[in-house]
Amino acid sequence: MPDAPTPIDPQPIEQFQKWTELMGRGQQMMLEFMSKEQTSLPAADPLGIMATWGRAMNAAMTDPAKLFDLQSRYLKDAMTLWQSFLSPGSATSPVAGVKDKRFAGEAWRETPAFDFLRQSYLLAASYVMEGSRDLEGLDDHEKAKAQFLIKQYVDAISPSNFALTNPEVMKKTVETGGSNLLKGLEFLLDDLKSGRMRMTDENAFEVGRNVAITPGKVVWENRLFQLIQYAPATPKVHAVPLLIFPPWINKFYILDLTAEKSFIRWAVEQGLTVFVTSWKNADETLADATMDTYVGEGLLTALERVLEICGTKSTHTIGYCVAGTNLAAALAVLAARGEAEKIASATFFTAQVDMSECGELAIFIDEPGLEAVERITADKPVLDGRIMASTFNMLRSNDLIWNYVVNNYLMGKDYFPFDLLYWNSDATNVPAKWHRQYLEDIYRDNKLAQPGGLSVLGVPIDLTTVHTPAYIQGGKEDHIAPARSAYKLTSHFKGDTRFVLAGSGHIAGVVNPPSANKYQFWTSDKLPATFDDFVQTATETKGSWWPDWIKWLTPRSGSQVKARIPGEGPFAAIEDAPGRYVKERI
């Protein structure tokens, strides 16, 4: 009898059918998305990227000796790396000790091929970045821009960012039968539809429910802001209130996240009457807004309302980031008007007035960049906040872009609920006219740092006329407003000034409650002329800098008075905090 036919193993057929189904569903999702969404390609090279890239490549070729040295050293290290894999123990890889969280998973070391791929990338990346430094024939701005663009490219081509070169993604794909990639595609299409990359589970948070929950009332409003007065937490308060100006390029509740992280709640608990301006998410009603608008209708108007409500001659102020820049201008306006006493002290969170060393953002402030902004907003009253958010994310692309590409688009992981990332995703529009003026006058031309270089409300601004006591905070790792740049405030103001260098960056360096017992800060009783000298001589203290600030503020805060109840002053309460302006989303 003939041999019975060998039965066909059904598993490969089932797997083929499953993969075919997954591919079909993925294709259907793509077609449905493309049929619903109308997209257009951006203008060719809107930021002058390709032009800079071309000049950078030409510059790299103009020094043959340097290029030959770089190539020779790279080939030598590459051969050592290859030998370390062919004959383990005979040579030590030149990048064996490099730690990079993109490759922290064990899967990168379990298989020699992926370990070699990882180390080959790290070695090549280090030489590419070395070669991008000190390019001949480029000015300082173009060198910085070229290095930034090359870094973006190097980060983008990391093997961790591609399914077929990431062993963790491949392992997950096998385990789930590819459903992780389908889920990731769904996440990607949702993000493309919304015009921004999600970073957290946005359904886990709601403004007024579990973020921005410190009790208070909106006691006044205009087209630009709502003024929030917070309910007291002590029977008596300091006579001098506190008025906080958060940046209008973000939402104010970065200072009022959860109860444990809230600077606002903590300040109230210290016996301060706290007010905050909650800025309007810009729309066509603010199309005419300029720096004059934000200083006049914004800061100075809020100042007058606080003095009326509290019946005091002065108030403490805080300006965060761009609001701090405008607060500095407002101080100079008040000084020129003979009204400097209205502000008892000015605290600056990561703020800049002198942009000569303003960090990585400067690479976008050139003619191609400004022309691109002009084109984007030419027929619009506002700049879409998602564009600005993407710019900030590019400054830390591995953490704020590629991390989510891998975890959510490739691994298909669910979004983790994180209040800080929810706030970061809650972008705000800004008036296009104000934005262009700010980039040109403050960043590009650095007019605020020049006595009389800029006029606000008809007053030539001279920061050297400001004698208001100032507490200036900078973040050691701040990539948006570098501490070196924030320190320049100390040389412009002429009054009693204290500078604090906080551990961490633009956000965590500010939002660091004492209860967290995290980071550290540095202070010096005498401020040297330069930031480098400050770093060399400053004293380090573990933990939050907030207690240092309240210790500095208290002697300037007057006597104890009966706690002030929101809405019981000259202005009736309009609605509960956090108000409606902050709830407006793009």
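At ALA163 and ASP69, where each label point lies 7 Å from the Cα along Cα→Cβ, what is the point-to-point distance in nanometres?
Roughly 4.5 nm, to one decimal.
Spin-label point model (7 Å from Cα, Cβ direction): what's the ALA113 to GLN450 distance in nm?
Simple spin-label model gives 6.1 nm for this pair.
GLN83 versus GLU540, label points 7 Å from Cα toward the beta carbon: distance in nm?
It is 3.9 nm.
What's the extension gain from ILE574 to HIS479 if we count 0.36 nm per residue and subtract their Cα-Cα distance?
Contour length minus Cα-Cα distance gives 30.4 nm.
Using only Cα atoms and rounding to the nearest 10 degrees, what angle (0 to 90) does helix 167-176 make with the longest principal axis of the chain?
For 167-176 against the chain, the angle is about 80 degrees.
Enumerate the residues in the stretch 341-377 having an amide nitrogen under 11 Å from the point lying 7 Å beyond the Cα of ALA144 toward its Cβ.
Under cut-off, by backbone N: 355-366.
Determine, at each q value in 0.12, 0.24, 0.28 (inverse angstroms), the log₁₀ of I(q)/I(0) that the Debye formula gives when each Cα of the stretch 387-453 is one equal point scatterer.
-0.51, -1.09, -1.23
Need the full-extension length gain, SER90 to GLU130, defined as separation in residues times 0.36 nm minus the C-alpha distance. One decimal, nm.
That pair, SER90 and GLU130, stretches by 11.7 nm at full extension.
Based on the Kirkwood radius over alpha-carbon pairs, what is the Stokes-Einstein translational diffusion coefficient of the stretch 368-489 at 4 °C with 1.567 mPa s viscosity, in µm²/s?
Values: Rh = 17.7 Å.
My calculation gives 73 µm²/s for D.
Using alpha carbons only, how many degrees (0 to 90, rounded to 10) separate the axis of helix 385-394 from the longest principal axis of the chain?
Long axis of 385-394 versus the principal axis of the chain: about 60 degrees.
For helix 49-61, report the angle its Cα long axis makes with the longest principal axis of the Cα atoms of the chain; keep it between 0 and 90° and round to the nearest 10°.
Once rounded, one gets 70 degrees.
Using 0.36 nm per residue of separation minus the Cα-Cα distance, give me the extension gain between GLU308 and GLU374 in nm, one decimal.
19.7 nm
Please turn the phi angles of the stretch 282-295 into ³J(HN,Hα) values with the Karplus equation 6.51 cos²θ - 1.76 cosθ + 1.60 (θ = phi - 60°), one per residue in order, whole Hz, x for glycine and proline.
Rounded to whole hertz, the list is 3, 9, 4, 5, 10, 4, 8, 5, 10, 4, 4, 5, 5, 6.
Provide, for q = 0.20, 0.25, 0.26 Å⁻¹, the log10 of I(q)/I(0) from a solvent-free Debye sum over equal Cα point scatterers in the stretch 494-578.
-0.99, -1.21, -1.25
I'd like the FRET efficiency for LYS413 and ALA287, computed as 1/(1 + (r/R0)^6) with the beta carbon distance as r and R0 of 45 Å, rounded to 0.05.
Calculated transfer efficiency: 0.65.
For a Förster distance of 30 Å, can you work out the FRET efficiency between the beta-carbons of GLN437 and SER390, rounded to the nearest 0.05?
Taking R0 as 30 Å, the efficiency between GLN437 and SER390 is 0.90.
Where a number appears in this text, it was derived from the coordinates with a stated rule and is not lab data. The model shown is predicted, which means the values in this text are computed figures rather than measured ones. Methodologically, a virtual Cβ is constructed for each residue, glycine included, from the backbone with ideal geometry; neighbour enumeration extends over all protein chains shown.
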